[in-house]
Amino acid sequence: SQQGEEDPQALSIQEGENATMNCSYKTSINNLQWYRQNSGRGLVHLILIRSNEREKHSGRLRVTLDTSKKSSSLLITASRAADTASYFCATGLAAGNKLTFGGGTRVLVKP
Amino acid sequence: DTGVSQNPRHKITKRGQNVTFRCDPISEHNRLYWYRQTLGQGPEFLTYFQNEAQLEKSRLLSDRFSAERPKGSFSTLEIQRTEQGDSAMYLCASLPAGSGNTIYFGEGSWLTVV
């Protein structure tokens, strides 16, 4: 079963625009992570946010976490064509434990 | 390249045949995970090891699937009597001991059962 569910399932934007995607989950977590996957490739880790954190930044990425609503968001600012990929949230119930993934958001950035 | 190596990258096999995938984790990573991913879906957990001990198995891991990590380094995932429903990408990932929660994935092994 999948713990996280991303919204929207697909997103199409112009280069330079911001892309926002959301993730909801069901149970209490230790951490939430976002991964990117290019077509046919493995997953690349983007950012990790712990349950006691509310916001983290990494370059053009901004992640928020609201544990009261059991939700997270990933914002990609000033998108580039190279950001075209699927983005997955994954939750960990304990440090070092397995991750449970959502179904992903497929992002298309048009040049 | 995360340093997690998977072989083969692609495998086409006839239904009923056995296949084996190998994963070499990042050196000294003591936890190793296997996931399965079908087109358009997120990865689904199969099993994980801490060193050579298999600590958890998903219900997705039917009796036709077996995973091993005999010396606590590389791992193999074998699928016996393959079925068309086994067609998927099999992802391996590893995690170092006691240094956070970031799990590093390999490029995956694609299986097509015809």
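Each reported figure results from applying straightforward, stated rules to the coordinates on display, with no laboratory input. Since this is a predicted model, take the numbers as computed values, not measurements. When we count neighbours, we look across all protein chains shown, and the Cβ atoms used for this are built from the backbone with ideal geometry, even at glycine.
Observations on the structure shown:
- Size of electric dipole in chain B: Cβ of Lys, Arg +1 and of Asp, Glu -1, about Cα centre, debye, nearest 20: 320
- Over chain A, relative contact order from alpha-carbon pairs under 8 Å, at least 6 apart, %: 39
- Each of B:Ile26, B:Gln50, B:Leu77 was scored by the projection of its Cα onto the charge dipole of region B:25-81, and the greatest displacement toward the positive side belongs to B:Leu77; charges sit on the C-beta of Lys, Arg, Asp and Glu.
- Spatial offset of region B:1-73 relative to region A:56-90 amounts to 28 Å, using the alpha carbon center of each.
- In this label model, A:Arg41 and A:Asn18 are separated by 2.6 nm, measuring between points 7 Å along each Cα→Cβ vector.
- Lys/Arg +1, Asp/Glu -1 at C-beta; region A:1-102 dipole; positive extreme among A:Thr77, A:Ser12, A:Ala94: A:Ala94
- Computed over chain B, the quotient of the alpha carbon radius of gyration and 2.2 N^0.38 Å is 1.00.
- Our analysis of region A:4-91 gives Rg over Rh at 0.95, with the two radii drawn from alpha carbon positions and Rh computed by the Kirkwood formula.
- Each DSSP beta bridge with both residues in chain B is either parallel or antiparallel, and the antiparallel ones are about 90%.
- What the phi angles of region B:37-49 give under the Karplus curve with 6.51, -1.76 and 1.60, with θ = phi - 60°, is a coupling list of 9, 9, 4, x, 10, x, x, 10, 5, 10, 6, 8, 10 Hz, glycine and proline written as x.
- The charge dipole of the protein assembly as shown, taken about the Cα centre with unit charges on the Cβ atoms of Lys, Arg (+1) and Asp, Glu (-1), comes to about 180 debye, rounded to the nearest 20.
- For the protein assembly as shown, the Kirkwood radius over C-alpha pairs fed into Stokes-Einstein at 37 °C and 0.692 mPa s yields D = 183 µm² per second.
- Spatially near lysine pairs across chain A, Cα under 25 Å, sequence gap of 8 or more or different chains: 9
- Here B:Val114, A:Val44 are placed in order of increasing Cβ neighbour count within 10 Å, fewest first, which gives B:Val114, A:Val44.
- Mean separation of Cα contacts under 8 Å, 6 or more apart, over the residue count of region B:1-96: relative contact order %: 36
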